[in-house]
């Protein structure tokens with residue numbers, strides 16, 4: 001990629017918090033317009049996940065070979081403890097069933113990227 005494109009990508013990443021605040025403000029001020037895009041959430045999440053996956057390097061994948069039991073423990077906890085915490089939060093907050101399911105599924109989703 002050209003130096004100019006790399007600078008633009010870096011700038012957009014550095015301003016991530018600003019983009020989130022702008023989006024949240026826009027959704028708060030114009031809820032009907034923001035809600036009209038809800039049909040595209042699955043597609044948008046797919047694009048985001050693909051973009052995150054494309055940033056993984058061969059070196060990062062190779063480093064998993066030496067992770068051993070730490071990797072196993074992390075995966076085990078991600079798919080047991082985190083959904084249980086989501087279920088607990090949904091139960092305590094008395095969320096409707098579909099929203100509770102969403103919270104539980106998000107709890108099972110590995111969201112941390114280092």
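Every read-out reported here was derived from the displayed coordinates using simple, explicitly stated rules and does not represent laboratory data. In this text, all values refer to a predicted model and were calculated from it rather than measured experimentally. Neighbour counts run over all protein chains shown; Cβ positions are idealised from the backbone, glycine included.
Per-structure values
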| item | result |
| --- | --- |
| Contact order normalised by residue count of the chain, Cα under 8 Å, 6+ apart, percent | 16 percent |
| Alpha-carbon Rg/Rh ratio, for region 28-83, with Rh computed the Kirkwood way | 1.20 |
| Cα→Cβ-extended label distance, 7 Å offset, between residue 59 and residue 94, nm | 5.3 nm |
| Cα convex hull of region 1-66 - mean projected area over all directions, nm² | 6.7 nm² |
| Region 57-114, relative contact order in percent, only Cα pairs under 8 angstrom and at least six apart counted | 35 percent |
| GNM top mover of 12, 69, 42 - the chain, alpha-carbon springs below 10 Å | 12 |
| Estimated [θ] at 222 nm from DSSP helical runs (n ≥ 4, -39500 (n - 2.57)) normalised by residues in the chain, nearest 500 | -22000 deg cm²/dmol |
| For region 57-114: Kirkwood Rh in Å [reciprocal of mean 1/r, alpha carbons] | 12.8 Å |
| Per residue convex hull volume, Cα atoms of the chain, in Å³ | 154 Å³ |
